[in-house]
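A short worksheet on the structure shown next.
Every number in this text was worked out from the coordinates using simple rules, so none of it is lab data. As the structure is a prediction and not an experimental result, all values here were calculated from the model. Please note: Cβ atoms are built from the backbone with ideal geometry, for glycine as well, and neighbour counts cover all protein chains shown.
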Amino acid sequence: MDKLVEIGILFDFYGKLLSIKQYQVVELYYIYDLSLTEIGEEMNITRQGVYDTLKRSEQKLYHYEETLGLIEKFNKIESTLKNILNIANKLEDYGRENNIDSVYQSALKIKDMGKKIRD
């Protein structure tokens, strides 16, 4: 299951960098859960051809992440954004509890900006 999720994430980030054939093989195998034989029949290639294409595609996806690091960067940004939103929640509570409207309003603005970034 871990590899399925890992390849799925890599495919989301880097799938469009694959050739059309590689993209289709990965999509049919990992997204649509077709067997190698079913993919071969669908694409009119041998089962071994599907296997080879799939393995080369997986290697490329891993190589793209090693080179570009977009997933790692995304995860760091997501973690930092989560921390910012947690602090904004604390500021919101503090402003509300102590009747400090400027702190409360600023916290709401920070939360709104954080949500826009996340979306």
Handout entry: Cα principal axis extents for segment 1-101, largest first, Å
Key = 71, 26, 21
Completion exercise
Checking Asn44, Asn89, Asn98 against a Gaussian network model of the chain (alpha-carbon springs below 10 Å), the top fluctuating residue turns out to be Asn98
Practice task
On a 0 to 90° scale, report how tilted helix 70-97 is relative to the longest principal axis of the chain, with both axes built from alpha carbons and the result rounded to the nearest 10.
Solution key: 20
Handout entry: Rounded if a/c under 1.5, otherwise prolate or oblate - segment 1-49, Cα gyration tensor axes
Key = oblate
Handout entry: Nearest-20 debye value, the chain charge dipole, Cβ charges on Lys, Arg, Asp, Glu
Key = 400
Practice task
Pull out the extension gain between Asn99 and Leu70, defined as 0.36 nm times the separation in residues minus the alpha carbon to alpha carbon distance; nm, one decimal.
Solution key: 6.2 nm
Exercise for the section: Once you have the Cα-Cα distance between Lys21 and His63, take 0.36 nm times their residue separation minus that, and quote the gain in nm to one decimal. Expected result: 13.3 nm
Problem - Stretchable slack from Arg118 to Lys3, in nm (0.36 nm times residue separation minus alpha-carbon distance) - result: 38.8 nm
Exercise for the section: Enumerate by residue number the chymotrypsin sites (Phe, Trp or Tyr not before Pro) in segment 27-119 meeting two conditions: DSSP loop (anything except H, G, I, E, B), and at most 16 other Cβ atoms within 10 Å of the site's Cβ. Expected result: Tyr32
